[in-house]
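Okay, so here's the structure we're looking at.
The values are calculated or read from the model by the stated rules, or taken from the named source; none is laboratory data. Computed from a predicted structure; not experimentally measured. A quick note on method: Cβ atoms are made from the backbone with ideal geometry, for glycine too, and the neighbour counts reach across all protein chains shown.
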Amino acid sequence: MAATSRKTTGTRAKSTSRSKGGAAKASPAIVDFTKEQELEAYRHMLLIRRFEEKAGQLYGMGLIGGFCHLYIGQEAVVVGMRMASKDGDQMITGYRDHGHMLAMDMDPKGVMAELTGRRGGYSKGKGGSMHMFSKEKQFYGGHGIVGAQVSLGTGLGFANRYRENGAVAMTFFGDGASNQGQVYESFNMAQLWKLPVIYVIENNKYGMGTSVERASATTDLSQRGASFGIPGEQVDGMDVRAVMAASEKALEHCRSGKGPYILEMITYRYRGHSMSDPAKYRSKDEVQKMRTEHDPIEQVRKRLLDNDWASEDDLKAIDKKVREVVAESAEFAQSDPEPDASELYTDILL
Amino acid sequence: MPIEILMPALSPTMEEGTLAKWVKKEGDSVTAGDVIAEIETDKATMEVEAVDEGTIGKILVEEGTENVKVNTPIAMLLGEGEDASALDAASAPAKKDEPASADTGGTETAAAAPQTPVYAQPVAPAPEDAQDPDIPEGTPMKTSTVREALRDAMAEEMRRDKDVFLMGEEVAEYQGAYKISQGLLDEFGPKRVIDTPITEHGFTGLGVGAAMAGLRPIVEFMTFNFAMQAIDQIINSAAKTLYMSGGQMGAPIVFRGANGAAARVGAQHSQDYASWYAHVPGLKVVQPYSAADAKGLLKAAIRDPNPVVFLENEILYGQSFEIPDMDDFVLPIGKAKIERKGSDVTIVSWGIGMTYATKAADELASQGISAEVINMRSIRPLDIDTVIASVKKTGRLVTVEEAYPMCSVSSEIGYQVQEQAFDWLDAPILRVTGKDVPMPYAANLEKLALPTVAEVIDAVKAVTYTD
């Protein structure tokens, strides 16, 4: 399958058509990855997968409190976008944010220690799972109010244009947030002022327990910018190559001053909305089918093996390394002390 | 080394549950993500997924078992190349490399609810004692309206820092709905003086995002009534991000505009939001009265690295005051001003409330009662020290504001004064506020809904026991 698809997929140069207004179901043509790109994608996605599995485990042990929203299943979205973006481009997202931070090369130790509420966490233990930031890595959070990050991300794009720095604000939100009013207020201003913002709608088919069909009058979310004239397309968010190809096109659109772009990533979360979600709103078969037939990591793994770019042993070695990084982060997240009591009253005002 | 599979917690409050069903049996191989068992609590049924690859070596807790404590080992997983003999080795009290389970062993629930050391309650730092700037002797005074003072403050700060920009409805080509931004578009151009669509929630979020990226936005609300559409972004995004990021990233931004009652505009356009914003840590809240307040405090707000809510008043915009004619007149946020010295009673007010306070003090003086009048200027931080010092001198306090009485700024001042100066009080603290009703439209009712000078005088007479 992978071998044949490699021969039959087109190139970006050929993908010139884009439907306007109607249902644009077709992703831009997929560009094959080089061996190095496949390996990079594999490593990065695997890191997110293993990190999230470990986070789930620590949550189960009571070491992570409150809300914990895992990204398992959606790894190709952030990794593909990061591979297409440049240093200086920003990311901002909602509460399902661990994958984005790892994609932006934030230190897994700092992320995991924030999940356990320790002083070595990115927010000194004061933010938690949903509230982490790294100015250094251009990650602007981590926001717990559904949809708020869309206006904030538009503001990052505004700052980019104000400073003429050529950067693009990659603003992520879910199918659930796509019904919030401020999303459309932001679309309007972004297109009116031609702000460099990519609106990345991670459509994992459920806003908490409510399917897109039950929440949205129109379900082709890529066309939600149509009334503002913002181009958008649907992308196979389970295929990291499709994500990267679409992201490159969208980034180029933004950088050339044409304004915002919408990418609807069709993806899937394997786990519940949060850790305490029994996920009764969907069948086990549905989850299992996505896992066995569309898993983003398995797709890359298969291509690496089919192309003889890596052996089973090579991949095991990668897995081992990733597990070591994750184990180290979990170790740190448990041994690092809680914040000092004096931190209660710091960082309120400058 | 075999891996212990532990009874997971479904939520931070779960301590035990029922192991309802084993989906995998001993000898079954599993990969990460496979469902291996189902557990139940009184709230939900959840599937337990494998985290590691391997073969189920031994099931330690049979299905149907109730009250299984969180973190109890429920099964042993054999890794690649391991067989059942490894289980015996593991049952010895060996430590495993799985970091967390090693020390929790047995059926203790300690890990589910980690023992939190009891900390001494840290004390909030005292605010710095800011002082008004020295105004050099002989500095000439000039007359300025509040409107001009606000415009001049913005213009001066925009000249000083190219990252400062103004956005809002009608601020540019229309020159401001209340003409506060008169002339700014001409001087600074459309890149820095930006007309927005009527979209408060969106442009407030956009402004906060730009501030997080390091710009210095001034977001004008035509009135603060409309800022209720945007209050989530002001509080959840602007006020809390510095804390939630451990000090990495804040939002240097000013939210300004007309606040409180204008005249005859009805309930939805007549409300004072001072106590709403003053409630929130991470915000500064300023409510100027005079043109000098407006200029000096707005310049300070624009330079402040924190989000500042700057509450103006439409009735005051056109009023004229004397203002020092000097180059860089900046007032400290968080410092009250004693507008008038007195000895018999302390009248505390801010913003438009000061108009009632000062008129009442004039009238009282003619009747032989000496009132000290304090203009708070800032609501958060609140300069309670200046109030306490005055109350210790006069023994009596009356507060004046146009806002509703319930949970008002007056309530807070009254609370703090009784806490810190109880023994100095010679009478109960009285509040003169707007009435506890939505603002009516009818002229006579609107007058009744607002405070009056007579009410202030009556309150002062009550606390000084004079008639």
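Is there a residue being closer than 24 Å to B:GLY189 by Cβ and surrounded by fewer than 19 Cβ atoms within 10 Å (Cβ to Cβ) anywhere in the range A:216-229? Looking for residues that are closer than 24 Å to B:GLY189 by Cβ and surrounded by fewer than 19 Cβ atoms within 10 Å (Cβ to Cβ), one finds none in the range A:216-229, hence no. Residue check: A:LEU152 meets all listed conditions (1) over 20 Å from A:PHE67 (Cβ atoms); (2) facing chain B (nearest Cβ under 9 Å); (3) part of a helix (DSSP H, G or I) but one, namely (1).
Counted as qualifying within the range A:239-350 are the helices (runs of 4 or more DSSP H) with 2 or more residues that are among the hydrophobic types (A, V, I, L, M, F, W, C), on the phi < 0 side of the Ramachandran plot and touching a residue at least 60 places away in the same chain (Cβ under 8 Å), namely A:240-255, A:296-306, A:312-335. (1) more than 7 Å from chain A (Cβ to nearest Cβ); (2) within 24 Å of the chain's Cα centre (by Cα); (3) within 25 Å of B:ALA403 (Cα to Cα): which one isn't true of B:TYR178, the others all being true? All conditions pass for B:TYR178, except number (2).
Among the residues of the range A:98-149, those that are surrounded by fewer than 24 Cβ atoms within 10 Å (Cβ to Cβ), over 20 Å from A:PHE332 (Cβ atoms), within 10 Å of chain B (Cβ to nearest Cβ) and not small (Gly, Ala, Ser) comprise A:MET130, A:LYS135, A:GLN138, A:ILE145. In the range B:294-302 there is no residue that is surrounded by 21 or more Cβ atoms within 10 Å (Cβ to Cβ), outside any helix (DSSP H, G or I) and not assigned by TED's automatic domain parsing to the domain that holds B:PRO440.
Of all residues in the range A:189-211, those satisfying the criterion of being surrounded by fewer than 20 Cβ atoms within 10 Å (Cβ to Cβ) and under 29 Å from A:MET45 (Cβ atoms) are A:LYS205, A:MET208, A:GLY209, A:THR210, A:SER211. For the condition outside any strand (DSSP E or B), out of contact with any Phe, Trp or Tyr (no Cβ under 7 Å at 6 or more places or on another chain), of a type in the set (Lys, Arg) and touching a residue at least 24 places away in the same chain (Cβ under 8 Å), A:ARG43 qualifies.
Looking across the range A:161-183 at every residue that is assigned to a helix (DSSP H, G or I) and touching a residue at least 40 places away in the same chain (Cβ under 8 Å), the one that is nearest to the other protein chains (Cβ to nearest Cβ) is identified as A:VAL183. When A:GLY142 is tested against (1) over 23 Å from A:GLU52 (Cβ atoms); (2) modelled with pLDDT under 95, only condition (1) is not met. Starting from residues that are over 38 Å from the mean Cα position of the chain (by Cα), surrounded by 16 or more Cβ atoms within 10 Å (Cβ to Cβ) and of a type in the set (Gly, Ala, Ser), keep the ones in the range B:21-47 and report whichever is modelled with the highest pLDDT. Restricting to residues being over 38 Å from the mean Cα position of the chain (by Cα), surrounded by 16 or more Cβ atoms within 10 Å (Cβ to Cβ) and of a type in the set (Gly, Ala, Ser), the top hit is B:ALA37.
With the structure loaded, tell me whether A:GLY21 is at pLDDT below 95 and touching an Asp or Glu at 6+ places or on another chain (Cβ under 9 Å) or whether it fails that test.
no
Residues in the range A:304-350 that are of a type in the set (S, T, N, Q), surrounded by fewer than 19 Cβ atoms within 10 Å (Cβ to Cβ), within 26 Å of A:ASP107 (Cα to Cα) and more than 8 Å from chain B (Cβ to nearest Cβ): A:SER335 only.
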